[in-house]
Structures are given as structure tokens and as C-alpha cells.
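Trainee: Sharing a structure here in C-alpha cells format.
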Amino acid sequence: MLCESAICREFIGPELLQRKSGVVMNLSLPEEIQKLIEKRVKSGEYRTPEDVVAAAVQSFDAQKGFGDFEPGEMDALLAEGERSIEQEGTLDGDEAFRQRRQRRAR
């Protein structure tokens, strides 16, 4: 089976799990990445290195759908939010919802 860990099943999906054999792909990875993969397998979180790589690629692909930001755009938005907090402070969650309801009622 291509992937048997629970986390991998979540990212891969049942349709791919039914596939009995996959395409063989040889990759050259930096030693630090190899160690990270080995650590995940040794922890029992994943059964095979292939499971780790499959989950990582699926996770990366899912993250790409969170927003199409230009390089540096996310950092700029975060910095803008931090400046706003410094200048205006934060807002209690209940107060934020109250204000939102008021705006929607207009």
C-alpha cells in the first residue's frame, strides 16, 4: 500500500490509498532532510519514508491553496497587522463580533 499512517491517509485520500504500486522515483535529498524523514519514521508517526514524503508534498500543495501571495506580500501584511496592534491595541473577541453585527445591521 502506498501510505498507511493516519496523517498520510488524511492528506493523500482514499482513492490513492487503493493503488497497489506507485511510480518509482529516486531523489537526492540533503542530509538534514534525510534525517528529518528518518526521525518521523522512527517516531512511529509514519511507517515508511515514502509516507513522510507523500504527506509533506500533499501538505505543501494544500498550503498553496491558502492564498496566492506575491513574494514578500505575506510578510508585509503581517508587519502591517503588528503596527496596527502597536498603534491601536487589540480588540476583545466579543467586542469584535458586536461591532461586526452592528455593521451588518446597517
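The values are calculated or read from the model by the stated rules, or taken from the named source; none is laboratory data. Since this is a predicted model, take the numbers as computed values, not measurements. Because the Cβ atoms are built from the backbone with ideal geometry, glycine has one as well, and the counts that use them run over all protein chains shown.
Trainee: Listed residues Ser59, Ser84; which is at pLDDT below 90, hydroxyl-bearing (Ser, Thr, Tyr), in a helix (DSSP H, G or I) and out of contact with any Leu (no Cβ under 7 Å at 6 or more places or on another chain)?
Mentor: When all the criteria are applied, what remains is Ser59.
Trainee: Which numbered condition trips up Gln102, out of (1) surrounded by 10 or more Cβ atoms within 10 Å (Cβ to Cβ); (2) assigned to a helix (DSSP H, G or I)?
Mentor: (1)
Trainee: Right, something else. Let me confirm something: among Glu15, Glu38, Glu45, Glu4, which residue is at negative phi, surrounded by 12 or more Cβ atoms within 10 Å (Cβ to Cβ) and modelled with pLDDT under 90?
Mentor: Glu4
Trainee: Scan the stretch 58-72 and tell me whether some residue there is among the hydrophobic types (A, V, I, L, M, F, W, C) and surrounded by 13 or more Cβ atoms within 10 Å (Cβ to Cβ).
Mentor: no
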